[in-house]
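Structure record follows, encoded as structure tokens.
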Amino acid sequence: MRSARLVPRFVMSLSFVVLSLAAPAVARAQPVFGSGNGSGGAGFGVGAAAFLSGMSGVEAVYDQPRWHIEGLLGFDSRDTNLASRPTQSEFTFGVRAWYHLHQGANSDFSVGGGVGFDHVSLSNNLGSGTETFVEPGAEARVFLTPNFALFGLAGFTLAFGDSVGVNAGIGFAAQANAAFGFTYFFR
């Protein structure tokens with residue numbers, strides 16, 4: 001239970017750091033930079049991101065003035081140091097789409113969600129499992145420079161499928177979920 005109490009403190013601390021690094025708000029007729037600058041969005045970008053379910057990897061983003069889409073790809077193979085499970089390999093893939101509800105001078109707030117797939121397999125024919133995640137939520141981005149954005153997500157996760165050694169089923173992650181990431185845009 002101790003770790004469950006640390007998550008809200010971590011989220012609040014990280015939010016304070018991000019907000020304190022952001023430039024002070026100044027009234028402007030047009031946004032300075034970000035996705036709402038009227039020039040067609042921030043374009044193509046790459047970065048690192050995580051799904052609310054915990055899947056993480058490299059992301060590719062295509063940003064337009066009123067929406068953006070993201071793709072996530074990850075791979076991990078490691079020795080588990082267990083005699084019964086010598087090596088575990090994990091492949092993750094996901095896509096998300098966001099509609100910008102509000103745009104500020106250097107930020108935007110979006111609603112949308114994504115679908116992710118997580119496949120885990122064990123060596124020596126010990127089994128494999130694939131889980132599918134559906135994650136509706138909200139995303140807030142702050143553009144620290146015209147090319148660099150930090151973002152945070154909040155929402156919930158619906159999980160379908162089977163895990164290694166666990167029967168197939170459906171799950172609903174009722175706890176508060178949050179994820180963070182960054183993107184560098186090539187303008």
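The values are calculated or read from the model by the stated rules, or taken from the named source; none is laboratory data. Since the structure is predicted, the reported quantities are computational estimates derived from the model, not experimental observations. Positions of Cβ are backbone-derived with ideal geometry, glycine not excepted, and every protein chain shown enters the neighbour counts.
Criterion applied to PHE44, PHE16, PHE33 was being outside any strand (DSSP E or B), of a type in the set (Phe, Trp, Tyr) and modelled with pLDDT of 50 or more, and the one residue passing it is PHE33. If you check GLU90 against the conditions, is it modelled with pLDDT of 95 or more, charged (D, E, K, R), touching a strand residue (DSSP E or B) at 6+ places or on another chain (Cβ under 8 Å) and assigned to a strand (DSSP E or B)? No: the conditions fail for GLU90. Within region 49-58, the only residue that satisfies the criterion of being assigned to a strand (DSSP E or B) and either in contact with a Phe, Trp or Tyr (Cβ under 6 Å, 6 or more places away or on another chain) or surrounded by 23 or more Cβ atoms within 10 Å (Cβ to Cβ) (or both) is ALA49. Can you find a residue that is among the β-branched types (Val, Ile, Thr) and either surrounded by 16 or more Cβ atoms within 10 Å (Cβ to Cβ) or not in a strand (DSSP E or B) (or both) anywhere in region 61-82? Within region 61-82 (the criterion being among the β-branched types (Val, Ile, Thr) and either surrounded by 16 or more Cβ atoms within 10 Å (Cβ to Cβ) or not in a strand (DSSP E or B) (or both)), the answer is yes, since at least one residue qualifies.
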